[in-house]
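The values are calculated or read from the model by the stated rules, or taken from the named source; none is laboratory data. The structure displayed is predicted, hence computed values, not measured ones. Backbone-built Cβ (ideal geometry, glycine too); neighbour counts: all protein chains shown. For the accessible areas, the whole protein counts, side chains as well, though only heavy atoms, and no ligand, DNA or RNA atoms are used. Shrake-Rupley method; radii C 1.70, N 1.55, O 1.52, S 1.80 Å.
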Amino acid sequence: MGSPPPLPQHELSDYDHGSAQFDEILKSIPPVDFCFAYGSGVFDQHGYHDDDHNYSTVAHKQATTSRGDPIILPKSPSERERDPARQPMLDLVLAVRNPIEWHRENLARNWKHYSVLRYLGAERLGQIEEDHGAAMYYNTAIPVPGQPGRVMKYGIISMHALREDLLDWRWMYAAGRLQKPVRVIKASDALTEAHQANLASATRAALLLLPETFSDFDLFTMIAGLSYRGDFRMTFGENPQKVKNIVTANLPHFHRLYTPHVLSAVPSLMATTSDRTRFTQDLSQSTRAGLLGQLPSAVRQHLVPPSMRGSGGSVLIPAVPAGRVPAAGEVESALRTAWEGLPVKTTAKMVKLGIHKVVARSSLTQGIKGIFTAGVWKALVYGLSKVNKYRVGMGKLEAAGKM
């Protein structure tokens with residue numbers, strides 16, 4: 001086998017601007033192996049600033065999608081310079097090889113970053129990180145070095161757990177964030193193949209939920225929404241327009257992330273325009289069965305048809321005698337045959353339910369863990385800010401419905 005295709009670049013052209021602020025952050029904490037920033041603190045979300053922070057009006061560059069939907073192109077670095085105290089919280093993920101040692105050193109440097117759980121010590125903090133929720137430990141509402149008034153939250157995850165999430169979607173938590181544009185602060189070659197696999201998996205899952213023809217906006221909206229399926233915060237606590245807002249303001253970033261390497265790696269997907277704004281896909285049952293078989297294992301375990309489900313999560317294969325455990329190849333072959341006999345709507349429903357089950361569990365348990373790792377007061381303030389976003393978003397939906 002040849003070497004994997006190059007890693008899609010996460011906004012490399014934008015790294016230099018503001019690198020000093022990230023350098024200050026990295027200097028204030030123990031060394032990390034991989035780090036990225038995500039969310040509205042580094043990428044615009046359509047409607048975010050005006051609704052939640054009353055930022056001064058900035059002239060946005062206008063464009064449209066292939067189907068005529070208005071989008072806002074990413075702002076230039078100079079347009080991003082705002083009063084730090086009025087900017088959104090900066091969200092970071094830090095991947096480290098040894099979480100216990102990392103927490104031990106961070107407790108010595110930044111004792112006040114932690115909630116009352118700091119009194120449990122580094123070893124217990126590492127266990128809480130790895131054994132509960134989505135294998136991440138968040139410190140919340142931390143002052144950003146060099147930016148008075150601005151705060152950040154950072155989540156610590158082990159390199160092993162991050163790689164597992166990227167490949168298997170065990171939690172689809174960190175993996176979900178890396179399916180959308182992020183700003184890599186410190187890269188790691190050790191994650192290149194896993195990251196590539198995560199993007200390809202997101203593309204395949206999205207295709208199983210899309211019709212035969214669609215636009216780039218449709219594709220990236222479906223991809224961006226995967227990790228929110230089943231997330232309890234989307235029911236009450238997040239702007240219901242969040243996914244569309246992310247894609248609307250960042251369509252060029254999604255193109256940089258997914259084209260041409262990732263989209264070219266999915267043979268059933270074909271661009272029908274030279275600028276890759278319109279696509280078509282093969283909806284044959286054999287092709288869809290192939291896509292199902294390539295989804296990450298945490299989702300694939302939920303794709304077993306009811307007629308083949310045995311006790312304890314086993315797969316029943318009529319051709320295999322009772323008492324003999326079927327080989328992996330036999331299971332894959334039997335599942336593919338079963339999938340090929342299912343209509344498009346049924347396979348789409350199975351994928352939605354499978355992703356929903358993975359995300360629902362990890363988002364809820366991580367949310368509960370966050371109450372303790374952040375501290376009750378910080379968790380309450382953060383939760384109220386999320387509820388406000390939900391309220392604003394619902395207000396916009398209601399207003400649009402009356403037009």
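A few points about this structure:
- Within the range 347-376, backbone nitrogen closer than 15 Å to the virtual label 7 Å beyond the Cα of LEU283 toward Cβ: 347-349
- Karplus-derived 3J(HN,Hα), 6.51/-1.76/1.60, for each residue of the range 30-39, Hz, glycine and proline x: x, x, 10, 8, 7, 8, 9, 10, 9, x
- Solvent-accessible surface (1.4 Å probe) assigned to ASP282 amounts to roughly 60 Å².
- Placing a label point 7 Å from the Cα of VAL116 along the Cα-to-Cβ line, no residue of the range 152-196 has its backbone N under 19 Å from it.
- For peptides 262-270, 174-182, sequence by mean Cβ density within 10 Å, most packed first: 174-182, 262-270
- Spacing of the modelled spin labels on ARG309 and ARG336, each 7 Å from Cα toward Cβ, amounts to 2.5 nm.
- Rounded to whole numbers, the Karplus 3J(HN,Hα) couplings from phi for the range 174-179 are 5, 4, x, 5, 7, 7 Hz, using 6.51 cos²θ - 1.76 cosθ + 1.60 with θ = phi - 60°, and x at Gly and Pro.
- Dipole of the range 202-311 computed with +1 at Lys/Arg Cβ and -1 at Asp/Glu Cβ about the Cα centre; of MET234, SER284, LEU207, farthest Cα towards the positive end is MET234.
- Under 13 Å, Cβ to Cβ, from LYS352 - net charge with Lys/Arg +1 and Asp/Glu -1: +4
- Treating r as the C-beta distance of LEU353 and THR272 and R0 as 30 Å, the FRET efficiency rounds to 0.50.
- Mean accessible surface per residue for the range 127-229, computed with a 1.4 Å probe while every protein chain stays in place, in Å²: 29
- Long-range HN-HN contacts of ILE185 with modeled amide H, under 5 Å: CYS35, PHE36, ALA37
- Residue-level accessible surface for THR213, protein heavy atoms, 1.4 Å, Å²: 80
- Shown in residue order for the range 345-354 are the 3J(HN,Hα) couplings computed by the Karplus curve 6.51 cos²θ - 1.76 cosθ + 1.60 at θ = phi - 60°: 4, 5, 5, 4, 5, 5, 5, 4, 5, x Hz (x for Gly and Pro).
- For the range 249-365, the residue among MET350, SER297, LEU364 whose Cα projects farthest onto the positive side of the dipole built from Cβ charges is LEU364.
- Per-atom-type breakdown for the range 176-266 gives carbon and sulfur 52% of the accessible area (1.4 Å probe, protein chains only).
- Gain on full stretching of the segment that runs from ALA190 to ARG124 - 0.36 nm per residue minus C-alpha separation: 21.1 nm
- Taking amide H atoms as placed 1.01 Å from N in the peptide plane, the amide H of ALA135 has no partner under 5 Å among residues 5 or more positions away or on other chains.
- Extending 7 Å from the Cα toward the beta-carbon at both HIS160 and THR346 defines two label points whose distance is 4.1 nm.
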